[in-house]
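Please read the structure below before turning to the comments.
Just so it is clear, none of the values below were taken in a lab; they were calculated from the coordinates. Everything numeric in this text was worked out from a predicted model, so none of it was measured. No Cβ is skipped: glycine too gets one built from the backbone with ideal geometry, and neighbour counts run over all protein chains shown.
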Amino acid sequence: MSDSWNKNAIPRSRAIVFGSLVTMLFLGYLGHLFSLQVVDGYLYTVRSENIKRRSAVIPAARGEIFDRNYDVPLATNANSFAVEINPALIARGEHDEIFARTADLLGIQAADIQRRIPASSYHVYQQIEIRSAVPFETIVQLAENIHDYPGVSWATKPVRTYPDAEASAHLLGYVGDITPEELQVLYNRGYNARSVLGKSGIEQQYDLLLQGEEGRSIRTVDARGRRVGEDDVEILAPEPGHNLVLTVDRRIQRLAQAALGDRIGSVVVLRPNSGEILAMVSYPTFDPNQLYGNGAGRAFSQLRNDPRAPFLNRAIQSSYPPASTIKILLTTAALEEELISVDDTIFAGPHYRLGNRIVNEWRPSGFGRINILQALANSSNVFFATIGHDYLGTERLLSYASEFGFGIQSGIDLPGERPGLVPTPEWKRRVFNSPWVGGDTVNVAIGQGFLSVTPLQLANMLAILVNDGVLYRPHVLKEVRDGHTGEVIERVEPEIIQTLSLKPQTLQNVRRAMHGVTRGGTAEPVITTPVVEIAGKTGTAEISSETDDWHSWFVAYGPYETTDPDEQVVVAVMVDAANEWEWWAPKAANLIFHGIFADMSFEETVADLRRRRRLWYM
Amino acid sequence: MRSRSIFGFDVYILTATLMLLTVGILFVYSSGLGISGDALSHEYVRQIIWAVTGLVILVSISLVQYASLKPWIPYAYLLGLVLIVMTLLFGRVVNGTRAWLGVGILGIQPSEFMKIATILAFAVYLERAGNSIKQIPYLAAGSLLFLFPMALILMQPDFGTASVFFPIFLGMCYMAGAKVRHLMFIGLTALLVLAFTMLPAWEYYIHGSRIPAFEIFSNVRVKLMVLAGLAAVALVALVGLMMLKRRSFYWTIYSIAILFLSLAASLGTRAVIRDYQIMRLIVFLNPYVDPRGAGWNVIQSVTAVGSGGIAGKGFLQGTQSHYHFLPEQSTDFIFSILAEEWGFAGTLLVFGLFLVILLRGLYIAGNAKDSFAGYMASGIVTMIFTHFIVNVGMAIGLMPVAGVPLFLVSYGGSSMWTALAGIGILMSIYQHRYRY
């Protein structure tokens, strides 16, 4: 060592200790390796060359999904067979022949197999699924002639089925094979390349609960994959996923679906005093059964290319201007702030003018002097433009909109909920680079312009008013139950997400005003059910001044007054302007309320109302 | 002197580095082969590109006067932190870890480069601190330089990469003359935190039945009571120390403090450490707890290594690897393939080459012109050493699976450049070792 050990730097003794530590650890590792490779090497050689434990996966049954009655499942599993090929087990050069033979047996094109197993993956040691839902007879045929099909095998595979498919497609969602991108994200959380994953709705939201744990059957094989010893099969039983019980009542779900019919739109039915969703329907819908297994790709692309967007859950994933339904909020705000009493009147002429923004009354002659109860019952635009702009003002109006849950997600336990939008002066400056003007406030006050809400948010607005200012988080999951025993593992408790301190007098008057809508007001002609008193509000939004297209809203609750809050329900119906105009939202709600409170199916409801001569519109 | 250097390079380290790079490329190629012998992946081509570009980096750094780097070090450190934060926000998720930053196939792992940046920053700190590193406040303040990147990397979550920072800290402090009992305190506390976090899982998976005493680790209320008890004993000992000035009281407080801190910290760690990480540690203790799941890697890897025998099965002849029984075989488990195909002989070669780099690195550290260079060199040596011990230990079942690459050999651009940049700094220190 010609260099001098520098005194300023590293203490020499420590460098020596460190170096010795390095050397000692190296020698220790080498000693271990010596015993592994040289002393016991032959043991491992035998293990690696002659005997391998090969395991086959036994898939876990995905948990079933029930409605609140917990009797017949909404989503369950059917057994089916899948045929798989392990390309590495086919001798080189024989792939084409085996593929052709297998395709023949399964009644598909050899090209279909080639597409799933391209030549570049002929050496991949992995079972690749060729076809699912293979009939049992075909499997028997394959088993009898298995020597002609090297590398081909079959597996039982539970297939997800939805008996009540289209009524609750958006709610339940659908499942599909995990994609490589999804696997990258979910790796280490119990997922693998074979996982079947919930892709939307409840299936996606609670996927981990539904998954269960795969089992395995392990057998000992030699290096060529042949079995060694018949009895040596070890079975690790799979653990089924948890069963889910939803808050949804499938009779109400079917009733709502039938009441909406073939109209683009959505329906939400919820219990205001717990936030339980009793029904959630969106149209157009899809058949989740077609989205898994053979032909799923075609069905999927067909649905995805449908311009009516069938995958969209319009109850929570799209937002619209609330139109006149927002007048409920203005009524509440004006009464709560004591800007007006129920006895005060305002002159509602044919027009409301603010600068060059003119709001026309829908009745050309105007209403004259009316109080707030009459204004809501008749849905006076001029009255509420005056209340919104002249009485409440921008700031108070927008803050009430926010407090009632507009512009943010409600937090329902379904994926993809949209927040809607409460426009603010700051927002407008950012997006349009133009200042907020009085006309913008007027637009919000009559539910047009930038303000947009989801049907669920409107239902929540009503829930707050019905429930004395308390809003529960809307939720779909009621209970989690054990997949084996059916024992309740977890029960979802109602959770308060917003408490507005509104005066009892305000609440009472607002409800009275909404009752006036169906008794003497705009909705009277169509709310014909005699079994329950309904209070609510209609809404009609013009989406363009050129075409004659209108969104139709109706949001209501019933019974109007009750001693038992448990029986109250809120119904929000939204029928898109894409449909032919028939003012359907209140009509559908009428059928739904009648069906719920008379405990009838859709057909029975229609028959019953016809018998009572109260169904003039159908 | 002249005989050892070409243009002033340290020939030993350079030769060992080049040989390891070659071995690495050969086995990255081997790992990409399927059963029938066709190449399934072309990772080796990229590995060659990274090796060549990395060597350019090595040479460039070695020609630079390391002292001129000093003003840039704080910026490099901060840039590294910013990049890791960006990774957390916009990074790509690969294998459940958000550790990659980049577009398309071009991605970097900022956490790899952060190791070098942290070493350099801490070397600056140690030089400034001088002898004060013997005092606890200076030691604690310096540890912050490591805690920031570790915390951020744990959030990715990348337990393996984060854990490498810890030995580097201890190694650099040791070489800078910090008190051994302080370092032991830190080391023992960390070990006990891990142990206390693990024990409930150990009880469940390995021991099989409930042990009443383990309530201490699994029941938060009992844990808090034990903590209060420990604090009381420590207080008594502290009073004893002040009044009697007896050495034994010092060590009582010392051990109780370790117990107290690690027990308290284990309250929080269960929230940070993920279930699968616990499972990896459990299967390290006994892979047969979960032979089809998390234990699979360990069992397959040890089988591959053991079946290599003395001379190995021959290059490209490994069966375990070509049946793709090993996951991540070009990165985490490259050593298993090497040990399978080249046997104990190949193992000896790789160990020898790494030993040359490490011991030569220590020699360079000791002969450095100034303490700053000595600390840098110590940090780099510790980094390479830690990677080696963790990666090889993992392949032979002596360490838990942690996803730490074997420097210079494993597939991967970021770790390759990190290693070669580190060796470049060693070279620069060697070339500029004389005072003029």
task: Report the relative contact order of chain A, percent, no decimals, based on alpha-carbon pairs under 8 angstrom and at least 6 residues apart.
output: 14
message: If amide hydrogens are placed 1.01 Å from N in the peptide plane, which non-local residues have theirs closer than 5 Å to the one on A:Arg131?
response: A:Val83
- request: May I ask you to derive the FRET efficiency for A:Ile58 and A:Glu603 from their Cβ-Cβ distance with R0 = 51 Å, giving the value to the nearest 0.05?
  value: 0.70
- line: Expressed in angstrom and rounded, the centroid-to-centroid distance over alpha carbons for the stretch B:362-431 and the stretch A:125-165 is 52
Potential lengthening between B:Leu191 and B:Ile310 on full extension [0.36 nm per residue; Cα-Cα distance subtracted]: 39.3 nm
statement: Amide H proximity to A:Ile497 below 5 Å, modelled H, separation 5+ or other chain, gives A:Leu471, A:Tyr472, A:Arg473
task: Give the Cα extents of chain A along the principal axes, in whole Å, largest first.
output: 103, 84, 48
query: How would you classify the stretch A:365-455 from its alpha-carbon gyration tensor, with a ≥ b ≥ c the square roots of the eigenvalues: rounded for a/c under 1.5, else prolate if a/b is greater than b/c, otherwise oblate?
result: oblate
statement: Rounded to the nearest 5, the percent of antiparallel DSSP beta bridges in the protein assembly as shown equals 95
- request: Using amide H atoms built 1.01 Å from N in the peptide plane, name the residues 5+ places from A:Val159, or on other chains, whose amide H lies under 5 Å from its own.
  value: A:Ala78, A:Asn79, A:Ser80
statement: A convex hull over the alpha carbons of the stretch A:404-481 yields, per residue, a volume in Å³ of 110
task: Report the antiparallel proportion of the DSSP beta bridges in chain A as a percent, rounded to a multiple of 5.
output: 95
- request: Please give every one of the lysines within straight-line cross-link reach of A:Lys157, meaning a C-alpha to C-alpha distance under 20 Å, and leave out same-chain neighbours fewer than 8 residues apart.
  value: A:Lys199
query: Each label point is 7 Å from the Cα along the Cα-to-Cβ direction; what then is the distance between the points at A:Arg369 and B:Asn286, in nm?
result: 9.0
field: Dipole magnitude of the stretch B:2-431 about its Cα centre (Cβ charges: Lys, Arg +1; Asp, Glu -1), debye to nearest 20
entry: 1320
- prompt: What's the FRET efficiency of B:Met86 with A:Glu137 using the Cβ-Cβ distance as r and R₀ = 56 Å, to the nearest 0.05?
  reply: 0.45
query: Normalised by the residues of the stretch A:301-447, what does the relative contact order come to in percent, with Cα pairs under 8 Å and at least six apart?
result: 27
field: Gyration tensor verdict on the stretch A:54-246 (Cα atoms; rounded if a/c is under 1.5, prolate if a/b is larger than b/c, oblate otherwise)
entry: prolate
- prompt: Projected onto the charge dipole of the protein assembly as shown (+1 at Lys/Arg Cβ, -1 at Asp/Glu Cβ, origin at the Cα centre), which of A:Gly520, A:Pro530, B:Leu152 gives the Cα projection farthest towards the positive end?
  reply: B:Leu152
task: Arrange the following residues from fewest to most other Cβ atoms within 10 Å of their Cβ: A:Asp262, A:Asp207.
output: A:Asp262, A:Asp207
- request: Over all alpha-carbon pairs of the stretch B:133-190, lay out the pair-distance distribution in 5 Å bins, whole %, shortest bin first.
  value: 4, 19, 29, 25, 14, 8, 2
- request: Using the Kyte-Doolittle scale, find the helices of chain B whose mean hydropathy is at least -0.5 and whose Cα atoms extend 20 Å or more along the helix's long axis, counting only whole DSSP H runs.
  value: B:11-31, B:43-63, B:73-90, B:110-129, B:136-154, B:159-175, B:180-202, B:220-244, B:247-272, B:334-366, B:371-395, B:413-431
message: Can you divide the C-alpha Rg of the stretch A:455-536 by 2.2 N^0.38 Å and report the result to two decimal places?
response: 1.52
task: Calculate the length of the line joining the C-alpha centroid of the stretch A:275-351 to that of the stretch B:190-266, in whole Å.
output: 58
task: Based on a Kirkwood Rh over C-alpha pairs, give the Stokes-Einstein translational diffusion coefficient of the stretch A:461-597 at 20 °C and viscosity 1.002 mPa s in µm²/s.
output: 126
task: Scale the Cα Rg of the protein assembly as shown by the rule-of-thumb value 2.2 N^0.38 Å and send over the ratio, two decimals.
output: 1.17
Summed side-chain charge close to B:Gly240 - residues other than B:Gly240 whose Cβ falls under 15 Å, Lys, Arg +1, Asp, Glu -1: +3
- request: Note the direction-averaged projected area, equal to a quarter of the hull surface, for the Cα convex hull of the stretch B:340-436, in nm².
  value: 6.8
- prompt: Gap in Å between the Cα centre of the stretch A:357-399 and the Cα centre of the stretch A:465-539?
  reply: 26
- request: Return the loop-located GluC sites (Glu not before Pro) in the stretch A:524-589 (DSSP other than H, G, I, E, B) with at most 13 other Cβ atoms within 10 Å of their own Cβ; answer none if there are none.
  value: A:Glu546, A:Glu561, A:Glu580, A:Glu582
- prompt: Mean separation of Cα pairs under 8 Å and 6+ residues apart, divided by the residue count of chain B: what relative contact order is that in percent?
  reply: 26
query: List the GluC sites (Glu not before Pro) in the stretch A:236-345 that DSSP assigns to loop (not H, G, I, E or B) and whose Cβ has at most 15 other Cβ atoms within 10 Å. Which are they?
result: A:Glu337, A:Glu338
- prompt: Between A:Arg298 and A:Ile496, what length comes free when the chain is fully extended (0.36 nm per residue of separation minus the Cα-Cα distance, one decimal in nm)?
  reply: 66.9 nm
- prompt: Looking at the square roots a ≥ b ≥ c of the eigenvalues of the Cα gyration tensor of the stretch B:2-431, which shape do they give, rounded for a/c under 1.5, prolate if a/b is larger than b/c, or oblate?
  reply: oblate
